[in-house]
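Notes follow the structure.
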Amino acid sequence: MRTKLLMSAAGLLVAIAPVMGHHAFGGEFDPNKPVLLKGKVTKLEWVNPHAWIHVEIPKADGEKPCEFTPNAKCDEWMVEGGTPNTLLRRGITRDSLKAGTELVIDGYQARDHSLNRANGRNVTYPDGRKLFLGSSGTGAPTDGADPTEAPKGRGRGGR
Amino acid sequence: MRSLLAAHFLFVAFTAAAVAQSPRPTPRIPDGHPDLQGTYDIASMTPLERAAGTPLVMTREEAARFEKERADRVRLLALPSNGNRNAPPVGGDGSAGAAGNVGGYNNFWIDNGTAYYTIDGQKRMSVIVDPPDGRVPPLTAEARQRAASRVVSPTSDAQENDPGLEGATAYDDMERRPLGERCLLGFGSTSGPPSLPVLYNNLHQIVQTKDTVLILNEMVHDARVVRMNAEHVPKSIRKWMGDSVGHWDGDTLVVDTTNFTDKTRFRGSSENLHVVERFSRIDANTLRYRFTVEDPSTWERPWSGEEAWPATTDLLFEYACHEGNYALGNILRGARLREKTRDSKER
C-alpha cells in the first residue's frame, strides 16, 4: 500500500514538476505558426543562453543565393536550441555541426512573423536521427560504445 | 613456520581492519581548515518540495525504479524521429512549462540529473528537510499582500511557466521580465543562496583561501565572494545575491547572507531574506550542503534543506548570457505585436 501511495505521489511529482529554463518559449514563438524547415546549415552560433543554428531553405523567391545549392535562392532561418555548455561537456563542440549539413527541423515561428526565427522543437538529420546523437564521432556521451567517437569529451578534465 | 604464517595472516587482517576503520583524513588547507575546493555537479532528480503526505526517504528499490524511468525516458527521447514528418499542429503542441505550447527544444540539450540525492545513505524525496512535511511554509499575510500588489514578480527562482499569456503588463518593459530571462541571475536559484538544482549547468566551483571563499556558479557566471570572519556591509548596500560572510564552526564552513535587493525575491521573499549555508565534507568526493532560509515578513517559520554535492572532473564553462540573448528581444517584439492585434480587435 505504502509503495502504491509513494508511486502515485512520485508520479504526480513528475507530472507537476515545472520545466524551468532560461526563458519562456511560449512568449517568444507563435503556437499558430508551425514550421517545417528542410535545409542546410550555414552557421552555428554556439552561444549562451541558447545556441542558434542558421539554415538556408531553398525557395523560388528566396532573399539571397544559396550557399550550398547551386543556382538557387534561399531564405535564411535561425533556429533556437539550448545551452551549448551541456553538450560541450559531452565532447560536442561548434565544429561538430559542419556548414552544409542537411537538417530537418520542426518548430514554431517567432511571434514577430517578419523574423525567420523558430524554436528547434525537433532537430534531426534527414533520416530522422536526432542532431548530435547517434552520429559517429560527435554523438552522445563518450561511453566507449562507439569506437569511432572521440575518446574523451573536451569537457572532461583529466579523465 | 606455521606460527609465522598465522602471524602473517593476523598482521594482514589487522592492517585491513585498520584501513577500513580509519577513513581518509579530511584534506586541509595550510591554515588547518578543511579543504572544500573543487567543482561540484549538483544536478539531481530530488525536487525542492515533495508531494503532501509522502516521506522524506524512499527505499533504494523505489529510487532505483524512478531513476530507471528517467533513464528510459532519456533513451526514448534520443530515438530517431521520422525524417519525413510534418510541421507540428496549428494551435500549439500542448506542451507545458517553459516549453509553452511550442515544444521548447530537444532533450539532448538538457542535463538535469540521473539520480536522487543520497545523504546519510538515504535516497531523498525532497531537498527540504524542515518543516518535516517537506514543503515551503505558507506565506505570511504581509507577503501575500506584497505579491498581490506587484504587477509582476520576476524573482530569482522564477518558474518560467509563461505560456505567452501572462498579464499583459508583464511585458511592458524589459525590467518586468524574469531575472533569468534578463541574464541577471540564473533561473531556479542556481546562483543562490540557497543553490538549488536546475535543468542544466549545475556546476559550482569552490576556491578557498584563509580570508576568502569563492563560490563560482556556472549560470550566469555569477561569483559569490564570501569574506571570512568579517562583518556584513552596511544595510544601505544591497546585492542581487546578498552579502556573504563566513566563519568556521569546527570543520563546517558557515556562510551567512543578508543585504539582498528587494528585486531578488527568492520565492516571494523580501529584502529581509536571511540565508545560512553550512558546507562540510561527507567524504573525499562529496560535500554536504545544508541551508536555512528565514524571512519573518515572508514565511511563518524558517525552513531548511539539504543537498549532496558530488565532486566532478567535468569543467565549468563560461556562460556569457548577454552574448546571445536574442530571446528577450523576440519576446518583447512578440508582446508588442500581440498588443496591436488586441487593440485592433477592441476597436
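The values are calculated or read from the model by the stated rules, or taken from the named source; none is laboratory data. Just so you know, these numbers come straight off a predicted model, no measurement behind them. In this analysis, Cβ positions are derived from the backbone assuming ideal geometry, glycine residues included, and neighbour counts consider all displayed protein chains.
Restricting the range B:69-87 to residues that are facing another protein chain (nearest Cβ under 7 Å) and more than 23 Å from A:Ala51 (Cβ to Cβ), which is nearest to the chain's Cα centre (by Cα)? Taking the candidates together, the pick is B:Asn82.
Working carefully through the options B:Thr286, B:Thr264, B:Thr257, B:Thr252, find the one that is away from chain A (no Cβ under 14 Å) and modelled with pLDDT under 95. Walk me through how you get there before you give the answer.
Values: B:Thr286 fails: modelled with pLDDT under 95; B:Thr257 fails: modelled with pLDDT under 95; B:Thr252 fails: modelled with pLDDT under 95.
Of B:Thr286, B:Thr264, B:Thr257, B:Thr252, the one residue that is away from chain A (no Cβ under 14 Å) and modelled with pLDDT under 95 is B:Thr264.
If you take the residues of the range B:168-223 that are aliphatic (A, V, I, L, M) and assigned to a strand (DSSP E or B), which of them is nearest to the other protein chains (Cβ to nearest Cβ)? Even if it seems obvious, please write down each step before you answer.
Within the range B:168-223, the subset aliphatic (A, V, I, L, M) is B:168, B:170, B:174, B:179, B:184-185, B:196, B:198-199, B:203, B:206-207, B:213-216, B:219-220, B:223.
Remaining after also requiring assigned to a strand (DSSP E or B): B:203, B:206-207, B:213-216, B:223.
Numbers: B:Leu203: 8, B:Ile206: 15, B:Val207: 15, B:Val213: 21, B:Leu214: 18, B:Ile215: 18, B:Leu216: 14, B:Ala223: 16 Å.
Per the criteria, the residue is B:Leu203.
Are any residues in the range A:57-88 closer than 21 Å to B:Gly104 by Cα and of a type outside the set (Ser, Thr, Tyr), and if so, which ones? Correct list: A:Glu76, A:Trp77, A:Met78, A:Val79, A:Glu80, A:Gly81, A:Gly82, A:Pro84, A:Asn85, A:Leu87, A:Leu88. Where residues in the range A:25-41 are small (Gly, Ala, Ser) and within 7 Å of chain B (Cβ to nearest Cβ), which of them is farthest from B:Gly104 (Cα to Cα)? Across the range A:25-41, the extreme among qualifying residues is A:Gly27. Scanning the range A:96-114 for residues that are at the interface with another protein chain (Cβ under 7 Å from one of its Cβ atoms) and of a type in the set (A, V, I, L, M) yields a total of 2. Per the conditions (1) modelled with pLDDT of 95 or more; (2) surrounded by fewer than 19 Cβ atoms within 10 Å (Cβ to Cβ), the sole criterion not satisfied by B:Glu323 is (1).
Within the range B:110-122, residues that are touching a residue at least 24 places away in the same chain (Cβ under 8 Å) sit with their Cβ atoms under 9 Å from residues that are of a type in the set (Asp, Glu) and surrounded by fewer than 20 Cβ atoms within 10 Å (Cβ to Cβ), at 6+ positions apart or across chains, in these pairs: B:Thr114/B:Glu67; B:Ala115/B:Glu67; B:Tyr116/B:Glu67. B:His232: on the phi < 0 side of the Ramachandran plot and either within 13 Å of another protein chain (Cβ to nearest Cβ) or not β-branched (Val, Ile, Thr) (or both), yes or no? When the stated conditions are applied, B:His232 passes them. Are any of the residues in the range A:85-92 buried (at least 21 other Cβ atoms within 10 Å of the Cβ), farther than 26 Å from B:Tyr116 by Cα and at pLDDT below 95? Yes. If you filter the range B:180-195 down to residues that are surrounded by fewer than 24 Cβ atoms within 10 Å (Cβ to Cβ) and of a type in the set (A, V, I, L, M, F, W, C), you find that the one that is farthest from A:Asn48 (Cα to Cα) is B:Leu184. Inspection of the range B:326-342 identifies no residue that is closer than 24 Å to B:Asp120 by Cβ and not polar (S, T, N, Q). Checked against the criterion of being modelled with pLDDT under 95 and farther than 30 Å from A:Arg90 by Cβ, the range B:218-238 has no qualifying residue.
Residue by residue, here is whether (1) in contact (Cβ under 8 Å) with a residue 12 or more places away in the chain; (2) closer than 26 Å to A:Ile92 by Cβ; (3) not in a strand (DSSP E or B) holds:
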| residue | (1), (2), (3) |
| --- | --- |
| B:Tyr289 | yes, no, no |
| B:Val293 | yes, no, no |
| B:Pro296 | yes, no, yes |
| B:Arg301 | yes, no, yes |
| B:Ser304 | yes, no, no |
| B:Glu307 | yes, no, no |
| B:Pro310 | yes, yes, no |
| B:His322 | yes, yes, yes |
| B:Ile331 | yes, no, yes |
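Of all residues in the range B:88-102, those satisfying the criterion of being facing chain A (nearest Cβ under 8 Å), under 32 Å from the mean Cα position of the chain (by Cα) and either more than 20 Å from B:Gly188 (Cβ to Cβ) or assigned to a helix (DSSP H, G or I) (or both) are B:Gly92, B:Asp93, B:Gly97, B:Ala98, B:Ala99, B:Asn101, B:Val102.
Among the candidates B:Val129, B:Val152, single out the residue that is away from chain A (no Cβ under 11 Å), surrounded by fewer than 20 Cβ atoms within 10 Å (Cβ to Cβ) and at pLDDT below 95. Before the answer, list the steps.
On the way: B:Val129 fails: at pLDDT below 95.
Of the residues listed, the single one that is away from chain A (no Cβ under 11 Å), surrounded by fewer than 20 Cβ atoms within 10 Å (Cβ to Cβ) and at pLDDT below 95 is B:Val152.
Can you tell me how many residues within the range A:56-89 are in a strand (DSSP E or B), more than 8 Å from chain B (Cβ to nearest Cβ) and either touching a His at 6+ places or on another chain (Cβ under 6 Å) or closer than 19 Å to A:Asp112 by Cβ (or both)?
The initial filter retains those residues of the range A:56-89 that are in a strand (DSSP E or B), namely A:56-58, A:64-65, A:73-80.
Next cut, more than 8 Å from chain B (Cβ to nearest Cβ) only: A:56-58, A:64-65, A:73-77, A:79.
With either touching a His at 6+ places or on another chain (Cβ under 6 Å) or closer than 19 Å to A:Asp112 by Cβ (or both) added as a condition, the list becomes A:57, A:75-77, A:79.
Qualifying residue count for the region: 5.
Within the range B:209-245, being over 21 Å from B:Ser270 (Cβ atoms) and crowded, with 21+ Cβ neighbours inside 10 Å holds for B:Val213, B:Ile215, B:Asn217, B:Glu218, B:Met219, B:Val220, B:Val226. The set of residues in the range B:61-87 that are in a helix (DSSP H, G or I) and among the charged types (D, E, K, R) comprises B:Glu61, B:Glu62, B:Arg65, B:Glu67, B:Lys68, B:Glu69, B:Arg70, B:Asp72, B:Arg73, B:Arg75. Among residues of the range A:115-127 that are at the interface with chain B (Cβ under 7 Å from one of its Cβ atoms) and at negative phi, those with a beta-carbon under 6 Å from a residue that is among the β-branched types (Val, Ile, Thr) and assigned to a strand (DSSP E or B) at least six positions away or on a different chain give the pairs A:Gly120/A:Val79; A:Gly120/A:Ile105; A:Val123/A:Ile105; A:Thr124/A:Val104; A:Pro126/A:Val104. Restricted to the range A:31-55, and to residues that are without any contact (Cβ under 8 Å) to a residue 40 or more places away in the chain and part of a loop (DSSP other than H, G, I, E, B), which residue is surrounded by the fewest Cβ atoms within 10 Å (Cβ to Cβ)? Per the stated criteria, the residue is A:Val47.
Among the criteria (1) free of Cβ contacts under 8 Å to residues at least 24 places away in the same chain; (2) assigned to a strand (DSSP E or B), the one B:Val226 does not fulfil is (1).
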